[in-house]
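Report on the following structure.
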Protein chains: 2
Amino acid sequence: MINKKDVTIYDIASKLNLSSSTVSRALRNSPSISKKTISKIKKTADEMGYRPNTLAASLRGNKSNSIGILVPTVKQPFLSSLISGIEVIAQKAGYNVIIAQSHDSYEDEVALTKALYGSRVSGIICSLAMHTKKTAHFQKFIDKKIPLVFVDRIPKDNIASRVMIDNYAAGRKATMHLISQGCNRIAYLAAGSDYSIFNERKKGYLNALKEANLPIEEDLIVKLDDVTYEDAIKATNKLLDLKNPPDAIFAPADILGVGVIKSAKIRGIKIPEELAIIGFNDDPIASIVDPELSTVYHPSVKMGEISASKILEYLKKPKSEDFMDISLLNTDVIVRASSKRK
Amino acid sequence: MINKKDVTIYDIASKLNLSSSTVSRALRNSPSISKKTISKIKKTADEMGYRPNTLAASLRGNKSNSIGILVPTVKQPFLSSLISGIEVIAQKAGYNVIIAQSHDSYEDEVALTKALYGSRVSGIICSLAMHTKKTAHFQKFIDKKIPLVFVDRIPKDNIASRVMIDNYAAGRKATMHLISQGCNRIAYLAAGSDYSIFNERKKGYLNALKEANLPIEEDLIVKLDDVTYEDAIKATNKLLDLKNPPDAIFAPADILGVGVIKSAKIRGIKIPEELAIIGFNDDPIASIVDPELSTVYHPSVKMGEISASKILEYLKKPKSEDFMDISLLNTDVIVRASSKRK
DNA sequence: TTGTATGCGTTATCAA
DNA sequence: TTGATAACGCATACAA
């Protein structure tokens, strides 16, 4: 169990009577080195058990080989799928993926951007904390031309590239679907802050009602403290206690949707006949719960893949070039038993 | 948008007419520097917008400040919770967390250990791919005394520390619970390979039957190709098609358990009266599905926290010291509607 | 096509 | 208590 020192390019060089620079170039397939020398060097490197020191290379080049991911949590199905998509693409390109969780705290998010910045990530992919409004803490990445992509929970201001769905359109589609099923007292579970993507979904909901000439009733819009199963149950109970209860509920997250189902079932309310329900995300749970939950498809893995690809693409471009583009992904309603009345 | 160069300890030093070593020491609160100098240096560092270059420090010290996590996937609830636990502890201690997914492929796992090894992780936490039998690819960490902790899906051979539950005992407890509810034809969904923790759960199941003097019927042990909802439904259909079907099913993962519920409900079989069901993990879904799924508690976040703490603890110890310890966590059956007959 | 020399930013050793 | 210097391993500008 001897703690052998690592083999370096110098060791390889001296063994072959070459210079370290030749070895360095050969190992990276530099065209200026003869094929013969390259293969000889590579063979020897293998034999000697050489492992490149990415740390030294990073220091030298002033860039690490890692992509930072800053998300509220890794525990939500949507986000873990997103991360999975990022990791697969990054891995293929030889990048590490560094995870950081803001736990939906603005302060943590600020601290973590600092940490990621300090560890010289090559790029950063971020989904904002629920209540983040300011984005000054990302300015350092932009100033340094470090590729930055916001995904899903994006900021208001247009400071960097983003990968997102059209939450407004999605909210509108979901509501229109409920209307098409004959519902006309459609409630909305108002989760998230006024600055979040949830608010966009709400706008879509409001507009769909307007387009259908349905009245907007404040009673049917229930504010949630948190995006949790329990809060959804509470909110639903409140709605169903109304003198004039809703005939449909739009829950802008599946975990809320299953809460609605739970509450309705406990009260013996028939789904979807008396209460139609639609969620959001198409989490695995949506097709497992009984009745199966209608939802809006949210392409998590794909959004991760696109985000990572964007970072890689930016890294290839000359530093001088500015980059900023927006991927707006399509989403569709997935109709299941919880809302199929016709 | 000027690409300003980073401030280094030299810049701070020359501004204050000190040496770089003094600055370096001061920034790390070396006791050999006067309080006055320290505070002066720190203040100036702040003003100048200094950010320590962890890459350089890592190169110098031949160790990065990151912990590698190698798991089959981040998409399973158990694993994403585990990762969350690790990340929180690591973050607090100033470590980055690098994620790698083996996708349950032995070959990928081998390649990823190489990559993590190459990027000089300070420690590594691993949950093995489903079919990994050999562990030679971890030997390099052991040889180099790089802290290595296996968690949950651990290897057979006793090569490194591990954090795990007693899967045998858990399987036994789950089965005993079903027996206590009056079931005597208890089926088992045999997921995973013969080398996995699932096999331990199966042994617990078999032994519980034996202890209760119940016969072991091969027909009631159905082999699954994969740990998926769909495979569980298929397997359950097969079981319920038997001339003499089971009166209980032990599904060694909640995602399988909900598949069992689905299949039974479609066939109009009463749960738990005609078929009692227990899952494993206590994933969120277990308390959402209808009827709620009994399960075995699997302390995911805690296991992550313990794993990370172990790594940190090892990193404090002198390199010469060997370390190897086993955390065997307790698990209990959580009884819910899917198995409560009495 | 290959070699020489230097620097990336930090920390540790030795000296003052 | 502080300073000078070397070293970590690699990649590049410049020479040959």
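The values are calculated or read from the model by the stated rules, or taken from the named source; none is laboratory data. Just so it is clear, the model here is predicted, and its values are computed rather than measured. Note that each Cβ is placed from the backbone with ideal geometry, even for glycine, and that neighbours are counted across all protein chains shown.
Within segment B:51-98, the residues that satisfy the criterion of being farther than 30 Å from B:Asp254 by Cα and small (Gly, Ala, Ser) are B:Ala56, B:Ala57, B:Ser58, B:Gly61, B:Ser64, B:Ser66, B:Ala93, B:Gly94. Candidates are the residues of segment A:11-24 that are near DNA strand C (Cβ under 10 Å from one of its atoms) and in a helix (DSSP H, G or I); the one that is nearest to the chain's Cα centre (by Cα) is A:Ser24. Apart from one condition, A:Pro77 fits all of (1) more than 9 Å from every other protein chain (Cβ to nearest Cβ); (2) in contact (Cβ under 8 Å) with a residue 60 or more places away in the chain; the exception is (1). Give me the residue from segment A:128-138 that is buried (at least 18 other Cβ atoms within 10 Å of the Cβ) and closer than 22 Å to A:Gln76 by Cα and, out of that set, nearest to the other protein chains (Cβ to nearest Cβ). Checking each candidate, the answer is A:Ala129.
Could you say whether any residue in segment A:166-187 is free of Cβ contacts under 8 Å to residues at least 24 places away in the same chain and touching a strand residue (DSSP E or B) at 6+ places or on another chain (Cβ under 8 Å)? No: segment A:166-187 contains no residue that is free of Cβ contacts under 8 Å to residues at least 24 places away in the same chain and touching a strand residue (DSSP E or B) at 6+ places or on another chain (Cβ under 8 Å).
Checking each residue in segment A:287-317 for being in a helix (DSSP H, G or I) and closer than 22 Å to A:Ile261 by Cβ picks out A:Ser287, A:Ser300.
Every listed requirement among (1) under 30 Å from B:Leu55 (Cβ atoms); (2) modelled with pLDDT under 95; (3) not basic (Lys, Arg) is met by B:Asp157 save one, (1). For segment A:104-113, a residue qualifies if it is touching a helix residue (DSSP H, G or I) at 6+ places or on another chain (Cβ under 7 Å) and either over 21 Å from A:Thr135 (Cβ atoms) or surrounded by fewer than 20 Cβ atoms within 10 Å (Cβ to Cβ) (or both), and exactly one does: A:Val110. When the residues of segment A:110-127 are filtered to those that are in a loop (DSSP other than H, G, I, E, B) and not basic (Lys, Arg), the one that is farthest from the other protein chains (Cβ to nearest Cβ) is A:Ser127. If I filter segment A:252-268 down to residues being outside any helix (DSSP H, G or I) and surrounded by 24 or more Cβ atoms within 10 Å (Cβ to Cβ), which single residue comes out as nearest to the other protein chains (Cβ to nearest Cβ)? The residue in question is A:Ala253.
Listed here are the residues, each with its yes/no results for (1) under 30 Å from B:Asp247 (Cα atoms); (2) assigned by TED's automatic domain parsing to the domain that holds B:Phe280; (3) touching a Gly at 6+ places or on another chain (Cβ under 8 Å).
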site: B:Ser80; (1), (2), (3): no, no, no
site: B:Phe138; (1), (2), (3): no, no, no
site: B:Val151; (1), (2), (3): no, no, yes
site: B:Lys156; (1), (2), (3): no, no, no
site: B:Arg172; (1), (2), (3): yes, yes, yes
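Residues in segment A:301-342 that are of a type in the set (Ser, Thr, Tyr) and either closer than 24 Å to A:Ile278 by Cα or buried (at least 18 other Cβ atoms within 10 Å of the Cβ) (or both): A:Ser307, A:Ser309, A:Tyr314, A:Thr331, A:Ser338, A:Ser339.
Remark: B:Ser34 falls outside the filter, which requires a residue to be surrounded by fewer than 16 Cβ atoms within 10 Å (Cβ to Cβ), modelled with pLDDT under 90, within 38 Å of the chain's Cα centre (by Cα) and not assigned by TED's automatic domain parsing to the domain that holds B:Asp143. For segment B:209-228, a tally of residues being touching a Lys or Arg at 6+ places or on another chain (Cβ under 9 Å) and more than 21 Å from B:Leu242 (Cβ to Cβ) returns 1. The number of residues in segment A:37-46 being closer than 26 Å to B:Asp143 by Cβ, more than 40 Å from the chain's Cα centre (by Cα) and either within 14 Å of DNA strand C (Cβ to nearest atom) or in the same structural domain as A:Gly94 (by TED's automatic domain parsing) (or both) comes to 2. For the criterion of being surrounded by 15 or more Cβ atoms within 10 Å (Cβ to Cβ), under 25 Å from the mean Cα position of the chain (by Cα), closer than 22 Å to B:Ala286 by Cβ and hydroxyl-bearing (Ser, Thr, Tyr), A:Thr295 passes. Here B:Phe141 meets each of (1) within 13 Å of another protein chain (Cβ to nearest Cβ); (2) more than 16 Å from DNA strand C (Cβ to nearest atom); (3) surrounded by 21 or more Cβ atoms within 10 Å (Cβ to Cβ); (4) under 19 Å from A:Gln101 (Cβ atoms) with one exception, condition (4). Filtered by the rule that a residue be among the charged types (D, E, K, R) and within 6 Å of DNA strand D (Cβ to nearest atom), segment A:6-25 gives A:Asp6, A:Arg25. Every test in (1) modelled with pLDDT under 90; (2) within 11 Å of DNA strand C (Cβ to nearest atom); (3) within 22 Å of B:Ala115 (Cα to Cα) is passed by A:Gly49 save one, and that test is (2).
To keep it simple, each residue is scored yes or no on (1) under 20 Å from A:Leu70 (Cβ atoms); (2) away from chain A (no Cβ under 12 Å).
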site	(1), (2)
B:Ile41	no, yes
B:Glu47	no, yes
B:Pro52	yes, no
B:Ala57	no, no
B:Pro72	no, no
B:Ile83	yes, no
B:Asp108	no, no
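The number of residues in segment A:26-37 being within 12 Å of DNA strand D (Cβ to nearest atom) and of a type in the set (S, T, N, Q) comes to 3. Taken over segment B:237-256, residues that are closer than 23 Å to B:Tyr297 by Cα and either touching a helix residue (DSSP H, G or I) at 6+ places or on another chain (Cβ under 7 Å) or outside the structural domain of B:Gly182 (by TED's automatic domain parsing) (or both) amount to 8. With (1) outside the structural domain of B:Glu107 (by TED's automatic domain parsing); (2) closer than 28 Å to B:Thr135 by Cα; (3) away from DNA strand C (no atom under 12 Å from the Cβ); (4) not β-branched (Val, Ile, Thr) as the list, and B:Ser58 as the residue in question, which single condition is left unmet? So the condition that B:Ser58 fails would be (3). Annotation for segment A:318-337: no member residue is closer than 18 Å to A:Lys173 by Cα, in a helix (DSSP H, G or I) and of a type in the set (Asp, Glu).
Taken over segment A:38-81, the criterion of being within 15 Å of DNA strand D (Cβ to nearest atom), surrounded by fewer than 16 Cβ atoms within 10 Å (Cβ to Cβ) and not in a loop (DSSP other than H, G, I, E, B) is satisfied by A:Asp46, A:Met48, A:Arg60, A:Gly61. Scanning segment B:87-103 for residues that are crowded, with 20+ Cβ neighbours inside 10 Å and more than 9 Å from every other protein chain (Cβ to nearest Cβ) turns up B:Ile89, B:Ala90, B:Tyr95, B:Ser102.
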